[in-house]
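Novice: Submitted below is the structure of interest, expressed as structure tokens.
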Amino acid sequence: MIKVAKFGGSSVASAEQFRKVKNIVRADRDRRYVVVSAAGKREKDDNKVTDLLLLANAHIQYHVDARPLLSQIEERFVEIADELGLKYPIAEKFEEFSSVIESLSPEYIVSRGEWFTAQLMAEYLDLPFVDAADVIIFHHDNTVDFERTAAKLKEAVQRTGGRFVLPGFYGSTVEGTIKLFKRGGGDITGAVLARCINANVYENWTDVSGFLSADPRIIDNPRAIHRITFDEMRELSYMGASVLQEEAIFPVREANIPIQIKNTNDPDAPGTVIRETAEEREVEHLITGIAGRRDFTSIHIEKAHMSNEVGVIRRTLSIFERYGVSIEHIPTGVDSFGVIVNSKDVKDSIYAIVNDIRREVEPDDITVIDKLALISVVGRNLRRRAGSSGRIFGVLGEAGVNIRMITQSSQEISIILGVNNDDFERAIRVMYDGFAAHEKV
Ligand code: ASP
């Protein structure tokens, strides 16, 4: 069995966290490959090394003295190395980096967070260090060159005898220019590695025990989700329940490798397993999770005999496209339809958009409704149960929550409800209490 274990920023934020990582890696011989983020926050108000490096880079760009910031970063690493008694000459190496920093690219500078963290971790775990610049190969458009990357990673596996520590978040082009993934991209490195070496499991170690079935700021102690499908996870993350960098799922999903989310601070908690399909025996549970966001705007357009006129929706949508506004949902009726967008995306342009629609689409009526919240009720079993939506609407009706919009995702794994911002938390509470709270996981 081959496991890739990726540890996020908070899991490697201090010497104490390094110790936990060692215990986790030592507890299972199958954990052969360790991917690390840069040291992250030790507590809520702390700084992530990546943020400090970004800031240092900005100082350099604007010719402001970056030395105090660089010393702050150095201290973080020195503290870890000293406390763990590591031999890696961290102070010296960091000074070397600082002294030439002005000649380095921003990507290179920012990538050093994971680079130094991985150097320390490799020594502490007594495993070889593999530089991501040598094995994670990017195309010039910032996408991963899987063919070259797989070949390089296989070489590294051979060279190291099949165990190593790899820094996340960066790689390089064939010419050797450092490139970065999006923020949180250490998750993507782990997924690329798992895929290229055909791992059996991709473990993602973080500071929460997996996905929760509802936001803990709204529901006290929501139940954890032990198993979830990739599609369900996409729906929940999109609506705000994010644990993993979204793009990390694609490489492993294609190769059918499950992702296991685990908590470094509570390694015995089962966490969440994300895989392509769930097992049949789980059929009894109706709702996997509930997530939502506030502040959407609906632009409602009415045009008599629209059903006989071709192109009304296309013309309307192209106006939004012109303003660079991404569309969330388009509920349609016979002679009317709505376009639902994020309120912040149309904050300055809503009047201009409405004017353009008036002129180019000539609707009979157009209404703008704002302060809408969208709630996604996600469950792979929803499609198998007749009457599920009726029951959901029932509990909302009893609680006096007015449903302003309903749509269903095309794979029927989620029902999306629009309610007033003011009803948002109450709607989630009554649905959670009505369904998720008593169901088995
Ligand atoms: N260190 C990077 C960040 O803070 C990448 C990661 O943590 O995965 O975004």
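Novice: Show me the strands (runs of 3 or more DSSP E) found entirely inside segment 149-190 where at least 3 residues are at pLDDT below 95 and more than 13 Å from the ligand (Cβ to nearest atom). I'd like the intermediate steps shown before the answer.
Specialist: Details: elements: 164-167, 170-172, 178-180.
In segment 149-190, there are no strands (runs of 3 or more DSSP E) which contain 3 or more residues that are at pLDDT below 95 and more than 13 Å from the ligand (Cβ to nearest atom).
Novice: Just need a number here: residues in segment 372-405 that are closer than 21 Å to residue 336 by Cα and part of a helix (DSSP H, G or I).
Specialist: 0
Novice: Is it true that residue 45 is farther than 30 Å from residue 156 by Cα and not basic (Lys, Arg)? Break it down into steps so the answer makes sense when it comes.
Specialist: Details: farther than 30 Å from residue 156 by Cα: yes; not basic (Lys, Arg): yes.
Against the criterion (farther than 30 Å from residue 156 by Cα and not basic (Lys, Arg)), residue 45 qualifies.
Novice: Further question on the same structure: Just a yes or no: is a residue in segment 212-224 more than 24 Å from residue 157 (Cβ to Cβ), out of contact with any helix residue (DSSP H, G or I) (no Cβ under 8 Å at 6 or more places or on another chain) and among the β-branched types (Val, Ile, Thr)? Explain how you work it out, then say what you get.
Specialist: Here is the first cut: in segment 212-224, the residues more than 24 Å from residue 157 (Cβ to Cβ) are 212-224.
Checking which are out of contact with any helix residue (DSSP H, G or I) (no Cβ under 8 Å at 6 or more places or on another chain) leaves us with 212, 216-217, 220-221, 224.
Add one more test, that the residue is among the β-branched types (Val, Ile, Thr), and what stays is none.
Within segment 212-224 (the criterion being more than 24 Å from residue 157 (Cβ to Cβ), out of contact with any helix residue (DSSP H, G or I) (no Cβ under 8 Å at 6 or more places or on another chain) and among the β-branched types (Val, Ile, Thr)), the answer is no, since none of the residues qualifies.
Novice: Condition test on residue 249, is it at pLDDT 95 or above, under 27 Å from residue 28 (Cβ atoms) and aliphatic (A, V, I, L, M)?
Specialist: Details: at pLDDT 95 or above: no; under 27 Å from residue 28 (Cβ atoms): yes; aliphatic (A, V, I, L, M): yes.
It is false that residue 249 is at pLDDT 95 or above, under 27 Å from residue 28 (Cβ atoms) and aliphatic (A, V, I, L, M).
Novice: Does any residue of segment 199-216 turn out to be free of Cβ contacts under 8 Å to residues at least 40 places away in the same chain, touching a strand residue (DSSP E or B) at 6+ places or on another chain (Cβ under 7 Å) and at positive phi?
Specialist: Taking segment 199-216 first, the residues free of Cβ contacts under 8 Å to residues at least 40 places away in the same chain are 216.
Subset that is touching a strand residue (DSSP E or B) at 6+ places or on another chain (Cβ under 7 Å): none.
Taking every residue of segment 199-216 in turn, none turns out to be free of Cβ contacts under 8 Å to residues at least 40 places away in the same chain, touching a strand residue (DSSP E or B) at 6+ places or on another chain (Cβ under 7 Å) and at positive phi.
Novice: Go through segment 232-255 residue by residue and tally those that are surrounded by fewer than 17 Cβ atoms within 10 Å (Cβ to Cβ) and more than 23 Å from residue 425 (Cβ to Cβ).
Specialist: Residues in segment 232-255 being surrounded by fewer than 17 Cβ atoms within 10 Å (Cβ to Cβ) and more than 23 Å from residue 425 (Cβ to Cβ): 5 in total.
Novice: Consider residue 352 against the criteria (1) among the small types (Gly, Ala, Ser); (2) within 30 Å of residue 277 (Cα to Cα); (3) part of a helix (DSSP H, G or I): it satisfies all of them except one. Which criterion is unmet?
Specialist: Unmet condition: (2).
Novice: Taking the conditions exactly as written (part of a strand (DSSP E or B) and in contact with an Asp or Glu (Cβ under 6 Å, 6 or more places away or on another chain)), does residue 369 satisfy them or not?
Specialist: So residue 369 fails the test.
Novice: So in segment 191-210, with the set limited to residues that are assigned to a loop (DSSP other than H, G, I, E, B) and under 12 Å from residue 5 (Cα atoms), which one is farthest from the ligand (Cβ to nearest atom)?
Specialist: Within segment 191-210, the subset assigned to a loop (DSSP other than H, G, I, E, B) is 197-200, 207-210.
If we keep only those that are under 12 Å from residue 5 (Cα atoms) too, we end up with 199-200.
Numbers: 199: 18, 200: 23 Å.
So, considering only residues that are assigned to a loop (DSSP other than H, G, I, E, B) and under 12 Å from residue 5 (Cα atoms), the one farthest from the ligand (Cβ to nearest atom) is 200.
The values are calculated or read from the model by the stated rules, or taken from the named source; none is laboratory data. On a predicted model such as this, the values are computed, not experimentally measured, just so you know. So basically every Cβ, Gly included, is an ideal-geometry build from the backbone, and we count neighbours across all protein chains shown.
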